[in-house]
Amino acid sequence: MTDPAPTANGCLPAAVSITGLGLQLREWNDADAPVMVELFDEPQVDRWTPLHHPFDLAAARAYLDQARTRRAEGRSIQLAITSDGHTALGEILLFVVGPDGPSQGGPYAELAYAVGIRYRRQHLATRAVRLMTDYAYQVLALQQVILRINPDNAASTAVARATGFHITNAAPITRGRSGPLLTWRHQAPEFFPRPSYRDPQV
């Protein structure tokens, strides 16, 4: 796991690369725009995320611009999910939210993700969520991480359970067409076992 110099706002690094669990989470670049269209212009992405059909090249470029603006403002990290550091298989996002989290513990991270239809059933989302959750604790020093999941989204519910998140009693929220979203929370452990993130066989 790398820890580059933080941005001027002192919150988020200017660039991030996270390696472990057979994945490399890397920054998006302009050349990825056609791949983003292939990954995100798809019914399940349209149903469960803010990325709606048609998601074409113009939408992909606008999305990249938005990601860079949010990073510069210290609001989010958006990384391509890859197995080789090159071909994007999906995306994972970390949003810094605060100052009061679901348990009034200060700034916290909210994660979101999408995996291309051709790359599902490989536990990519589960592994990416684990890596990004550890990054939120170990590098960003946040105390909790949450997911917001529609109860009808069985795949994301399974990812939440597999990665140690627990459903909370928070009232459901609605975002656009996403329907009611339940809050799942992961609390920072008191001790990190410090696994080797650079071992692709983990």
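The values are calculated or read from the model by the stated rules, or taken from the named source; none is laboratory data. Note that this is a predicted model, so its numbers are computed, not measured. As a convention, Cβ positions derive from the backbone with ideal geometry for all residues, glycine included, and neighbour counts pool all protein chains shown. Areas reflect the complete protein model, heavy atoms only, side chains present, ligands, DNA and RNA absent. Shrake-Rupley method; radii C 1.70, N 1.55, O 1.52, S 1.80 Å.
Answer yes or no as to whether Gly74 is touching a Pro at 6+ places or on another chain (Cβ under 6 Å) and small (Gly, Ala, Ser).
Considered against the rule, which asks whether it is touching a Pro at 6+ places or on another chain (Cβ under 6 Å) and small (Gly, Ala, Ser), Gly74 comes out as no.
Mind listing just one residue for me: the one in segment 136-155 that is in contact with a helix residue (DSSP H, G or I) (Cβ under 7 Å, 6 or more places away or on another chain) and of a type in the set (S, T, N, Q) and, of those, nearest to Leu182 (Cα to Cα)?
Asn150
Going through Ala88, Ala136 one at a time, which residue ends up being open to solvent by less than 30 Å² (accessible area, probe 1.4 Å), out of contact with any His (no Cβ under 8 Å at 6 or more places or on another chain) and part of a loop (DSSP other than H, G, I, E, B)?
After ruling out the rest, the residue left standing is Ala88.
Looking at (1) open to solvent by less than 40 Å² (accessible area, probe 1.4 Å); (2) outside any helix (DSSP H, G or I), find the lone condition where Tyr63 falls short.
Failing condition for Tyr63: (2).
With the requirement that a residue be of a type in the set (D, E, K, R) and either surrounded by fewer than 14 Cβ atoms within 10 Å (Cβ to Cβ) or not in a helix (DSSP H, G or I) (or both), what does segment 8-60 give you?
Of everything in segment 8-60, those that are of a type in the set (D, E, K, R) and either surrounded by fewer than 14 Cβ atoms within 10 Å (Cβ to Cβ) or not in a helix (DSSP H, G or I) (or both) turn out to be Arg26, Glu27, Asp30, Asp41, Glu42, Asp56.
Taking the stated definitions as given, is Leu79 at pLDDT 95 or above and either in a strand (DSSP E or B) or basic (Lys, Arg) (or both)?
yes
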